[in-house]
Amino acid sequence: MKILAISRYLKDVDWEKMNETLKHEAYEAYKLYLNEKVREIYFTENDDAVLILECKNIIEARLLLNKLPLVREKIISFKFHELRPYNGYSRIIVNPNHA
């Protein structure tokens with residue numbers, strides 16, 4: 001199942017003092033990528049992280065991202081959304097058996 005996770009800041013941070021934490025964050029994100037749990041990762045124009053995960057469910061996604069240093073240090077949290085396949089094409093595709 002694809003899960004969309006969007007970060008939000010919980011407090012202000014002096015990022016210049018967070019270099020080691022950010023290295024650990026990148027390392028943990030990379031491990032999730034190598035383990036095929038994180039499929040895509042982006043930043044928005046507001047510097048929120050946007051991740052597409054491949055997990056059994058939202059619970060698994062939450063457990064995985066709760067291990068990230070910025071989450072453990074309560075600097076960010078994530079909001080999770082289950083992504084389902086788009087089914088709107090069925091409205092415009094004619095079934096030849098019913099034409």
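Since every read-out is calculated from the coordinates, none of them should be taken as a lab result. What you are looking at is a predicted structure, and each value in this text was computed from that prediction instead of being measured. For neighbour counting, all protein chains shown are included, and Cβ atoms are generated from backbone atoms with ideal geometry for every residue, glycine included.
Of note:
- Working ranking of peptides 81-89, 26-34 by packing, defined as the average number of other Cβ atoms within 10 Å per residue, highest first, is 26-34, 81-89.
- Separation of segment 1-34 and segment 37-99, taken as the distance between their Cα centroids, equals 16 angstrom.
- Relative contact order (%) - the chain, alpha-carbon pairs under 8 angstrom, separation at least six: 44 percent
- Evaluated at q = 0.14 Å⁻¹: base-10 log I(q)/I(0), Debye formula over Cα of the chain: -0.58
- Local charge for D12 was computed over the other residues whose Cβ lies under 14 Å away, with Lys and Arg +1 and Asp and Glu -1, and equals 0.
- Rounded tilt (10° steps) of 19-34 against the dominant C-alpha axis of the chain: 30 degrees
- Summed residue charge, Cβ within 10 Å of M1's Cβ, Lys/Arg positive, Asp/Glu negative: 0
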